[in-house]
Amino acid sequence: MLHHHHRLPRNTTTTSSSLLPYTTSPPPLPPPQVVNGFNSTVFAYGQTSSGKTHTMKGTGDDPGIIPLAVREIFQLIGACQDREFLLRVSYMELYNEDINDLLAPDNQKLAVHETKEAGVHVAGLREDIVSSPEQVLELLECGERHRHTGETRMNKSSSRSHTVFRMVVE
């Protein structure tokens, strides 16, 4: 398995376009090698109301890093005429030290396991096979409806959990 690490070159604000970190990040997100087995991870952190969710999710008019990367991955796959791909997605939240499945809300308090065959994985986490960017984005929206949120002084609808969106390209 191949890994590539990089940092976004600047901080963004809630008034910044989500396109800015996506297009100014060297190397490109996702790396074109994602169709050749490279892993790519984008990690957003910061204080409450600093724009993490907006940067990752965006809006319909200003898509975030995840929707932009999903669309680009499907473009990269479409350009590979000599092979077929299988794409799977999962979406989980970490809330009060519990792992909850955002695509199957009845799957709560899931456990992390490690085996030689599967590597590190979350047992019982739903994984959907996807065939279009629209399908992926619909799953993300479905998962967002199951997230834990609450009001803070800085944000009326603050996410109270951390999320992990995973897209596997095989």
When the convex hull of the C-alpha atoms of region 34-169 is computed, what volume per residue in Å³ does it have? 124
Residue-span extension gain [D82 to D128] - 0.36 nm each, minus C-alpha spacing: 14.1 nm
For R71 and H162, what is the calculated FRET efficiency with R₀ set at 22 Å and r taken between the beta-carbons, to the nearest 0.05? 0.35
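Tell me, what is the FRET efficiency for H148 and Q47 to the nearest 0.05, using R0 = 25 angstrom and their Cβ-Cβ distance as r?
Step by step, r from the Cβ atoms, then E = 0.90.
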Starting from the Cα-Cα distance between E138 and Q108, subtract it from 0.36 nm times their residue separation and give me the gain in nm to one decimal. 8.7 nm
Accessible area per residue, 1.4 Å probe, Å², for region 34-169: what's the number? 62
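The values are calculated or read from the model by the stated rules, or taken from the named source; none is laboratory data. The structure displayed is predicted, hence computed values, not measured ones. With ideal geometry, Cβ positions are generated from the backbone for all residues, glycine too; neighbour counts draw on all protein chains shown. Heavy atoms of the whole protein, side chains included, go into the accessibility calculation; ligands, DNA and RNA do not. Shrake-Rupley method; radii C 1.70, N 1.55, O 1.52, S 1.80 Å.
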